[in-house]
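The values are calculated or read from the model by the stated rules, or taken from the named source; none is laboratory data. In this text, all values refer to a predicted model and were calculated from it rather than measured experimentally. Cβ: placed from backbone, ideal geometry, glycine included. Neighbour counts: every protein chain shown. The protein model used for the area step is the full one, side chains on, heavy atoms only, and it has no ligands, DNA or RNA in it. Shrake-Rupley method; radii C 1.70, N 1.55, O 1.52, S 1.80 Å.
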Amino acid sequence: MTASPPASNPSHRILEKLLAGNQRYVTGNLVHHHQSGSRMRAIAAGQHPFAIILGCADSRVPPEIIFDQGLGDLFVIRVAGNILDDAILGSIEYAVEELGTALVLVLGHERCGAVAATVKHAEVVGHISTLINAIQPAVDKAKNKPGDLLDNAVRANIELVVAQLKSSMPVADLVLKNKLTVVGAQYNLKCGSVDLIAEPLCS
Ligand SMILES: [Zn+2]
């Protein structure tokens, strides 16, 4: 499950920084940097977040806390099931083009409720169906794999969103030009660790 970022990748140091913060969180050695009034005032005129996190809205997975980061560090987009839509794509493009952020981490998590509802074919009302429809292709892909269906579907959903991001324009172009790296990762609810997900060999 865990994969090391390739050393030649220009976003290697960004990933290392995120994972080091997560390690502090897991081990209880939080530094809580960039959470003071002076940091607030220092970034009032402009932001330069070092990473974009596309994460689930689940209350147990707040990126600033699990990566031990502070004000102005992360450009966080949260939506149930960490799915993509045009508004989210626009937000990512804004962070890359206007703020110079060079890495997107698609962060799924264990026992994701949105993925579980899709796996169970739950009867949903209102706009929840938008989430289910977005996640369904990942569940379809996970169906014939050995192991736990929900675990496999959570992972497949992260891989799906990474692939969707990498194939959408202009993100695909930014990735080609080495201006942006897109990485998938999964959060472990019980131990707090974030594991990078290796690129699937085929899609
Ligand atoms: Zn979730």
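Quick look at the values:
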read-out: Lysine pair number, Cα distance threshold 15 Å (strictly under), the chain, separation 8 or more or different chains; value: 4
read-out: Folded to 0 to 90 degrees: helix 128-142 orientation relative to the chain principal axis, Cα; value: 70
read-out: Share, in percent, of DSSP beta bridges within the chain that are antiparallel, nearest 5; value: 20
read-out: Surface accessible to a 1.4 Å probe, per residue, for the residues of segment 12-197, Å²; value: 48
read-out: Total charge dipole magnitude, segment 12-197, about the Cα centre, Cβ charges on Lys, Arg, Asp, Glu only, Debye to nearest 20; value: 360
read-out: Loop-located GluC sites (Glu not before Pro) in segment 1-107 whose Cβ has at most 11 other Cβ within 10 Å (DSSP); value: none
read-out: Accessible surface of the chain, 1.4 Å probe, proportion on carbon and sulfur as whole %; value: 55
read-out: Relative contact order of the chain, defined on C-alpha pairs under 8 angstrom at six or more residues apart (%); value: 24
read-out: Using alpha-carbon coordinates, inclination of helix 86-99 to the longest axis of the chain, degrees; value: 20
read-out: Per DSSP, loop trypsin sites (Lys or Arg not before Pro) in segment 106-153 with at most 12 further Cβ within 10 Å; value: K120, K143
read-out: Cα long-axis angle, helix 149-167 against the chain (0 to 90 degrees, to the nearest 10); value: 60
read-out: For segment 112-203, size of Cβ-based charge dipole, Lys and Arg +1, Asp and Glu -1, in debye; value: 120
